[in-house]
Each structure stands twice: as C-alpha cells, then as structure tokens.
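Below: the structure, in structure tokens.
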Amino acid sequence: MMTAWRDLQARFTTFSVKDRISGGAAVFAVLIALLMSGALYSFHEQRQLTKLLGNANSANRQIERTNALIYAVVMESRGIYMSPERNVARRYAESLLQKCVELVKAVDDWQELVRAEDAELFGQFKRRIDQFVAFRREMARRTLAVGSTAARELGDNDENRAVRTALNEDLERLARVYEVRSRTIAAMADQSRWVSLTLFAFGAVLMVFTGVAAYLLHRTIVNPLLEIARTTGRIAGGRIKLVIPYAKRDDEIGQVARAVQAYQDAASRVSELELQGQEVEREHAEFTREREELEERALTGKWRLEAAVKNMAQGLIMLDKTGTVLVVNEQYRNIYGVPASVAKPGATMREILSHRVKSGVFTGDVEQYLDELMSRIKARRPSITEVQLADDHVIRISERPMDGGGWVATHEDFTVHRRNERMLVRAEYFLAVLLENIPQAVLAMDARSLRYVFVNRATEALLGLRRAAILGRTASELFPEPTGAQLESIDREMLANAADPVPRAHSIATPGNGMREVVMRRLPVVIDGDEPKFLLSIIEDRTLDQRAAA
C-alpha cells in the first residue's frame, strides 16, 4: 500500500503544475457534475413524493370527513323521525340543512384533489351524494313547513337505503384506491432513500478525492512555493547570499525558483545603488514635505477665502486687470438676478451686463459702464457709489484695487436702509410740525447739562422770547429768580426719580411775558439704556382762565 502511494506521488511529480491542476479540476468537475445530477434527480423525486404524499393525506382526510358528515346527516334525520314535538323536530331539521351544506362543501373540496384516473369513480360517488343530499333537504323542508309527521311519511324507502349503501361502497372503493397509492408512495420513499445513500457515497468519494488532491497539491506545489517565497523574503530583507530551493526542477516551480535566482542577482546589484539612492530619497522626502506644507497652507487659505466669500452678507465680485471674473459669490448673483452659468469665474463683465440688460435689471449704456470701470481699474482709484436699479432697488457699490492689478467690489442692497432713512425723515418732519402747532408749550432739555435743546412756537409766546434766545440756556439762566432756581431744582429731582405722577401747577415769572399761571408735566426720555437722555416739559398756560374765574 505504501509502495503504491509512493509510486502515485512519483508519477504525480512528473506532470507539470498546469497539468496537475487541470487534471484535478477535471476529475473534481466530473464528480461534482455526477453529484449535482443525483441531487437534482433526488430533489425531483422528493418533490414528487411530497406532492403525492400530501394529496394522499388530503384524500384520506376527505374520506374521513365525508363519512363523518354522512353519519351526522343520518343522525339528524333520525332525530326528526323520533321527535314528536314540532319545535324539537324543527331544530333537527335546521341542523340537518347545515350538515347537508357542510357535506356538499366537503365533497367539492375533495373534488379539487381528484386525479384524472379517478374522475369516473368520483363522479358516480358525487351523483349519489347529490341524491342523498336532495332527499335529506326535502325531509328538512317538510319538517320545517309541516312537521315531523310529513317527514316520516316521506320515509326512508328502499331507493334511499340503496343510495346510502352505494355511498358506503363508493367510499370503500375510493379508500382502496388511496391505499394502493399509499403503498406506491412508500415504495417511492424506499427508492428515494437508496438515491440518498448513493449521493452520500458520491459525496464521500468526492471528499476523499478532495483530500488526496489537496495533500498532493500542498506537498508538490504549495510547500515549494512557500519555501521559495520565504527565501525571496529573506533576500528582500538583505540576506542576499542564499541557496534557492527547487531550482533544478523542470516544471513551473523550477521556473519560479530560477526567476528568484535572477532576482537575487539583480538585488545584489541594486544594493550597491541603494546607498546612493538613500541620500537622493532623503532630499526628495524633504522637498516633498516642504511642498506638502506649502500646498496645505495654500489650500487652507483657499478654503478660508471661499468660506468668507460664501458667507459674507454683501455681494462680491473680483476681476483681473482685463475685466475677467476671478471670484463671484451667490449674494452678487441674487442681487442682480444673474444665474451661476453666467456669473462665474472666467466670465467677463460684458457677458454679465448683457444678461442684466436682457433681464431688465440694467438700463444704462454697457459700453460707457465698461469704459468707466476699466478706467478706474487702470487708475487703481477706489470708489463708493450708489445706483438705483430698474426695480427701484438701491445698491451700494464699494470698489478697491488689489495687489497684482486686480479689482474687488462689494455690492450691498441699501434699499431698506434708504427706505428707513426716508421714513425717519418723514416721521421727524411730521413730529416737528405736530409739536410746532400744538397749543401747549413744549421744551426739551439735555439731561446732563439741563440746557434747552428744543422749543416750539407756543413756548416763544409763553416766555415772550424768540427761539434763538431760549435754546442753549438753562432755566436759571433764562428765568428771573426765584423762578429759575425753582424750575431747575424740580428738573433735577425729576431726573433723579424718573417719575412725575401728576401735573404740577406753578406761578412763574417769564423773561418777557410777566407772571403766568401754568400747569407743567415733565417726562424723562430714555434712549438706548436705562438713564434718561432728555427731559421733556409740557406747559399749559392757564393765566387767562384763572383771571376770568376771578
């Protein structure tokens, strides 16, 4: 046995690696094909067996179910015969009708399982079932309509008993048919077991062949290749003077070993160049590191610039000295309604202006605008201008030259700002007109210096002075004593307490209108903080009213 095994190994080594692998693969493929064919056949037989077994079991269940329902129908019929009370007989009749329905349903379900060769026998059986059910339904109908007496008169005659006997015979014949099929299925199951044993034997042979092939491949191919690979690794690690195993073999393993010998010779020559190359590599590594650092700084700067341009609130456009776009952000496109396909790096201002003309956003002279722009770029002259678009939007443009001859401009939508300014001017004008024309005297003084900064026309009439003589003076400077000192003291108290719950009546000596009886209310004005910035005084002259009352 051992001699035969050694002869097999010796013969195996005479073949080339390609022939060994191809031969082993062919035998393995044949065994796999045989095993797959047997498996497919076994699968088909098992599937057929499962189907037949399922049909046989279902048919047997249907026989038992039908027989039980026939017996139940007969028992319900006897209940009708034996019940003298009509109500009891009616309950048996209703139950009989229900059992008849179940019997018909069971036979219909059974019919779906009947094979072609059983159709004639089953058809005869079904006709007898129909006769049997028709008789029982008529019995139930008479019982429900008249009573059990009418059902008994219908009677269980010879014809009906013959149908019942024939039903039993049909069930027995069908049972014998399914019994024969069950024996056939059992024989098929035995055959399937033999097929399974055969497949198991094929599998065992395949496993043995696989083990032998794996052993031979490992001994004659894998191990030599591993030894050659380990030797190659040691050569690559610097141990160049080594004996290459299997270099004298004539197959592909020998070719690989001789190739490693050639590699060994080349490695010996390469090692002489490595020392020279190490210095070159060191210099190259240093250069690469410096280049990567520069690239990283450049990328970081580029990312920061892109992030700043993208997230700034203003529109931004950057041009070179020829008017070609270098950078443009989304805010610029949104302001002028220019798509990214037009306003993009590489585009020209002429293209952008042409699109704005087509969309109606720009209504000026394109050539004149470009000439003025190029003139500013050439002169490197910064500028801040505001332009009004066709849709009444006001855009503030701030332009500035860049190092290297470029040009950068920010475009900001100032529409809301200008609208708010106009609204503020109108509000201030309205308030000034309102204060100027009310009958009460209105004075406003600075909270720190207590100098008057605003008076209306009624104040001039009350004090008997022109506005210019009042503004910029304090109460102590404007009013005669002791009125001036009293008013200034009350003003300071008002600013300190920040409250004036009720208007106060005063008799004041005016600088140009004599003594006046007035009612004065003071209101602190707070702007951007907690401390008052101004003190507003509203004075109502009641001198004439009090004189008239006296």
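Structure values in brief
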| quantity | calculated |
| --- | --- |
| Hits in the stretch 379-425 (condition: at pLDDT 85 or above and either more than 25 Å from VAL309 (Cβ to Cβ) or of a type in the set (Phe, Trp, Tyr) (or both)) | ALA379, TRP407 |
| Subset of the stretch 360-399 (residues that are assigned to a loop (DSSP other than H, G, I, E, B) and in contact with a Pro (Cβ under 9 Å, 6 or more places away or on another chain)) | ARG380, ARG381, PRO382 |
| Every residue from the stretch 402-418 that is of a type in the set (Asp, Glu) and in contact with a helix residue (DSSP H, G or I) (Cβ under 9 Å, 6 or more places away or on another chain) | GLU412, ASP413 |
| Residue list for the stretch 185-224, restricted to those being at pLDDT 75 or above and of a type in the set (S, T, N, Q) | THR198, THR210, ASN223 |
| Those strands (runs of 3 or more DSSP E) lying entirely in the stretch 400-502 with at least 3 residues without any contact (Cβ under 8 Å) to a residue 40 or more places away in the chain | 452-455 |
| Test: residue in the stretch 225-244 that is touching a Leu at 6+ places or on another chain (Cβ under 7 Å), part of a helix (DSSP H, G or I), among the basic types (Lys, Arg) and at pLDDT 70 or above | yes |
| Single residue of GLU76, GLU120 found to be assigned to a helix (DSSP H, G or I), within 19 Å of VAL180 (Cα to Cα) and in the same structural domain as LEU167 (by the TED database) | GLU120 |
| VAL114 being in a helix (DSSP H, G or I), of a type outside the set (Gly, Ala, Ser) and at pLDDT 75 or above | no |
| Criterion violated by SER359 - all others in (1) more than 26 Å from PRO401 (Cα to Cα); (2) modelled with pLDDT under 80; (3) not aromatic (Phe, Trp, Tyr) satisfied | (2) |
| Residue within the stretch 65-73 that is under 60 Å from the mean Cα position of the chain (by Cα), within 20 Å of GLU179 (Cα to Cα), at pLDDT 75 or above and in the same structural domain as VAL177 (by the TED database) present | yes |
| Residue list for the stretch 491-541, filter: basic (Lys, Arg) and under 18 Å from ASN456 (Cβ atoms) | ARG516, ARG521, ARG522 |
| Pick from the stretch 503-550, criterion part of a loop (DSSP other than H, G, I, E, B) and at pLDDT 85 or above, ranking: farthest from PHE479 (Cα to Cα) | PRO503 |
| Pair list, Cβ under 7 Å, 6 or more apart: the stretch 371-390 residue within 15 Å of ILE335 (Cβ to Cβ), other residue loosely packed, with under 11 Cβ neighbours inside 10 Å | ALA390/THR363 |
| Breaking point among (1) within 15 Å of ALA441 (Cα to Cα); (2) modelled with pLDDT under 90, for GLU493 | (1) |
| Any hit, the stretch 530-550, residues being charged (D, E, K, R), on the phi > 0 side of the Ramachandran plot and within 60 Å of the chain's Cα centre (by Cα) | no |
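The values are calculated or read from the model by the stated rules, or taken from the named source; none is laboratory data. Not measured: the values here are computed from a predicted model. For neighbour counting, all protein chains shown are included, and Cβ atoms are generated from backbone atoms with ideal geometry for every residue, glycine included.
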